[in-house]
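Read through the structure below, which is laid out as structure tokens, and then see the notes.
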Amino acid sequence: MRYRTLGNSDLKLSEITFGAWAVGGWMWGGNDMNESIEAIRKSIDQGVTSIDTAPVYGMGLSEEIVAEAIKGYKRSDLQIVTKFGLRWNDTKGQFYFKSHHNGKDLDIYKYAAKESVIAECEESLKRLKTDYIDLYQIHWADETTPIEETMEALVLLKKQGKIREAGVCNYTKQQMETAEKVINLVSNQVSYSMLKREIEQELVPNCIKLNKSILAYSPLQRGFLSGKIKPGHVFAEGDHRSTSSFAKDENLKAINTFLSAIKPLAESKNATLSQLVIRWTLQQPGITIALVGARNAQQAEENAKAGQLKLSDEEMMYINKALNGLKLT
């Protein structure tokens with residue numbers, strides 16, 4: 001496993017970081033707690049030292065699972081990354097969307113006022129059973145709160161030693177510039193995959209210029225790039241992927257045709273398609289970390305082993321040529 005420094009800080013994360021959204025069950029058709037714990041532990045044993053979670057992932061459950069999974073490991077050897085700003089237990093701020101979890105209807109709000117950020121941090125620290133968070137990130141921008149106010153809360157939390165570094169998620173170039181007037185940001189966590197490359201136009205060049213790290217979430221496009229989801233796939237009840245445009249049969253056919261084209265390269269390197277896709281992601285300009293989820297120990301081990309791969313310039317060109325022929329509707 002390789003480890004990469006975030007921005008201009010001294011904080012290093014494993015280049016493959018465990019993404020703990022799915023283990024919370026919310027929007028993924030439920031979860032198995034024991035398998036989730038084993039997935040995280042298997043990742044750590046494979047050299048994955050960093051775990052990314054959030055309060056809203058299972059309404060606190062994901063953070064609690066992370067806390068249980070890291071028992072017995074030296075805290076200073078691990079990096080806990082979590083978020084704030086999506087509330088299911090308050091109606092302040094900007095309404096985001098309606099959801100459902102464990103038989104209950106939920107209204108999700110974006111809210112990042114100063115007092116709310118500080119309160120959320122305390123709640124996360126309790127659920128995670130730790131006294132500090134390595135990287136604390138706003139989950140989505142809240143249009144009802146000035147960015148400066150939100151960042152002032154992070155300044156305070158950093159002074160108090162409750163967070164090591166501040167980052168953002170899903171921020172635009174302009175939003176990052178506003179935040180930087182108040183606090184030094186080390187990273188921006190954004191969606192990025194072979195199927196979703198919009199950030200290459202503006203955000204990536206700007207982050208490279210300013211030495212800000214990019215944490216790429218959903219590099220496997222939530223499983224659609226794993227080769228395991230075929231046309232006609234039936235998703236579990238509550239799995240948000242069923243409504244994705246990538247789930248349409250014509251798009252699944254196109255995606256799997258592309259994956260078939262690069263499969264010989266994966267096989268020549270004794271790697272799976274998922275491992276090849278993760279490695280491609282990590283070798284893209286400006287991408288520092290790939291956040292990859294796993295719901296059991298086998299998936300976790302497979303993902304971690306992508307850290308052992310290396311793609312030559314010629315191999316990257318081979319993949320990109322096949323990717324350029326992929327057309328989705």
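The values are calculated or read from the model by the stated rules, or taken from the named source; none is laboratory data. Everything quoted here is computed from the prediction, not taken from an experiment. Note that each Cβ is placed from the backbone with ideal geometry, even for glycine, and that neighbours are counted across all protein chains shown. When the accessible area is computed, the model is the full protein with side chains, heavy atoms only, and any ligands, DNA or RNA have been set aside. Shrake-Rupley method; radii C 1.70, N 1.55, O 1.52, S 1.80 Å.
Only one entry of T53, T49 meets the criterion of being open to solvent by 10 Å² or more (accessible area, probe 1.4 Å) and at pLDDT 90 or above, and that entry is T49. Residues in segment 235-244 that are under 11 Å from Q221 (Cβ atoms) and part of a helix (DSSP H, G or I): R241 only.
If you filter segment 265-294 down to residues that are without any contact (Cβ under 8 Å) to a residue 40 or more places away in the chain and outside any loop (DSSP other than H, G, I, E, B), you find that the one that is surrounded by the fewest Cβ atoms within 10 Å (Cβ to Cβ) is S268. Considering segment 93-148, and only residues there that are small (G, A, S) and either under 30 Å from Y73 (Cβ atoms) or surrounded by fewer than 17 Cβ atoms within 10 Å (Cβ to Cβ) (or both), the residue that is farthest from the chain's Cα centre (by Cα) turns out to be G103. Can you tell me how many residues within segment 120-146 are of a type outside the set (D, E, K, R), in contact with a strand residue (DSSP E or B) (Cβ under 9 Å, 6 or more places away or on another chain) and without any contact (Cβ under 8 Å) to a residue 60 or more places away in the chain? Summing the residues that are of a type outside the set (D, E, K, R), in contact with a strand residue (DSSP E or B) (Cβ under 9 Å, 6 or more places away or on another chain) and without any contact (Cβ under 8 Å) to a residue 60 or more places away in the chain in segment 120-146 gives 11. For segment 295-325, the set of residues classified as open to solvent by less than 30 Å² (accessible area, probe 1.4 Å) and in a loop (DSSP other than H, G, I, E, B) consists of L309, L311, listed by residue number. Applying the criterion of being of a type in the set (G, A, S) and farther than 24 Å from A322 by Cα to the residues of segment 233-256, the residue that is surrounded by the fewest Cβ atoms within 10 Å (Cβ to Cβ) is A236.
I need the full set of residues from segment 208-222 which are surrounded by fewer than 21 Cβ atoms within 10 Å (Cβ to Cβ) and either part of a helix (DSSP H, G or I) or modelled with pLDDT under 95 (or both), in order please. Selection gives I208, K209, L210, Q221.
Each row is one residue, and each column tells you yes or no for (1) part of a strand (DSSP E or B); (2) modelled with pLDDT of 95 or more; (3) farther than 30 Å from L328 by Cα; (4) among the aliphatic types (A, V, I, L, M).
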site: Q137; (1), (2), (3), (4): yes, yes, yes, no
site: W140; (1), (2), (3), (4): no, yes, no, no
site: T145; (1), (2), (3), (4): no, yes, yes, no
site: E152; (1), (2), (3), (4): no, yes, yes, no
site: A166; (1), (2), (3), (4): yes, yes, yes, yes
site: T178; (1), (2), (3), (4): no, yes, yes, no
site: V186; (1), (2), (3), (4): yes, yes, yes, yes
site: N206; (1), (2), (3), (4): no, yes, no, no
